[in-house]
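Scroll down for the structure; my scribbles are underneath it.
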Amino acid sequence: LHRIQSDYTADRSPIRTALITARSAPAHERVVRTLRAWDIRIDEAVFLGGLDKGEFLQSFGADIFFDDQSGHCESARRFVATGHVPHGAAND
């Protein structure tokens with residue numbers, strides 16, 4: 001992802017990266033710091049505050065979704081291609 005993003009300016013990139021979390025701010029800080037350390041640009045951040053991710057992803061027009069919680073993946077996979085990340089607090 002970093003290599004693709006580095007080939008384009010933010011306004012010309014063929015990929016947009018959105019951070020979508022069911023939590024409220026500031027729960028996103030750790031992932032934002034990690035992505036910045038990897039030099040990955042985040043184009044949008046959405047805080048759902050406990051709302052279901054699946055229907056939101058459909059209306060958002062997401063192409064693919066990754067999450068470390070299987071429940072969020074189950075909800076999302078009805079609407080968008082979904083990948084479970086087997087790492088993180090939910091999988092420890």
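Relative contact order for the chain: 23 percent, from Cα pairs under 8 Å spaced at least 6 residues apart, divided by residue count. Look at the alpha carbon pairs under 8 Å that are at least 6 residues apart: their mean separation over the length of region 1-51 gives a relative contact order of 49 percent.
Take the chain and mark each of the trypsin sites (Lys or Arg not before Pro) that is in a DSSP loop with at most 12 other Cβ atoms within 10 Å; the longest unmarked stretch, sites excluded, is 24-77.
Rounded to the nearest 20 debye, the dipole size of the chain about its Cα centre is 140 debye, using +1 on the Cβ of Lys and Arg and -1 on the Cβ of Asp and Glu. The simple Förster model, with R0 at 22 Å and r as the Cβ-Cβ distance, assigns S6 and D68 a FRET efficiency of 0.25. Of all DSSP-defined beta bridges confined to the chain, some 0% are antiparallel rather than parallel. Computed extension length for V46-H87: 12.6 nm, one decimal, from 0.36 nm per residue of separation with the Cα-Cα distance subtracted. When you work out D = kT/(6 pi eta Rh) for the chain at 25 °C and 0.890 mPa s, using the Kirkwood radius from C-alpha pairs as Rh and the Stokes-Einstein form, the result is 175 µm²/s. Computed with the Debye formula from one identical point scatterer per Cα of region 1-51, without solvent, the log10 of I(q)/I(0) at q = 0.23, 0.32 Å⁻¹ comes to -0.85, -1.20.
FYI, it's all coordinate maths here, none of it is from the lab. Predicted model, so just to flag it, every value in this text is computed and none were measured. Every residue, glycine among them, receives a Cβ derived from its backbone with ideal geometry; neighbour counts consider all protein chains shown.
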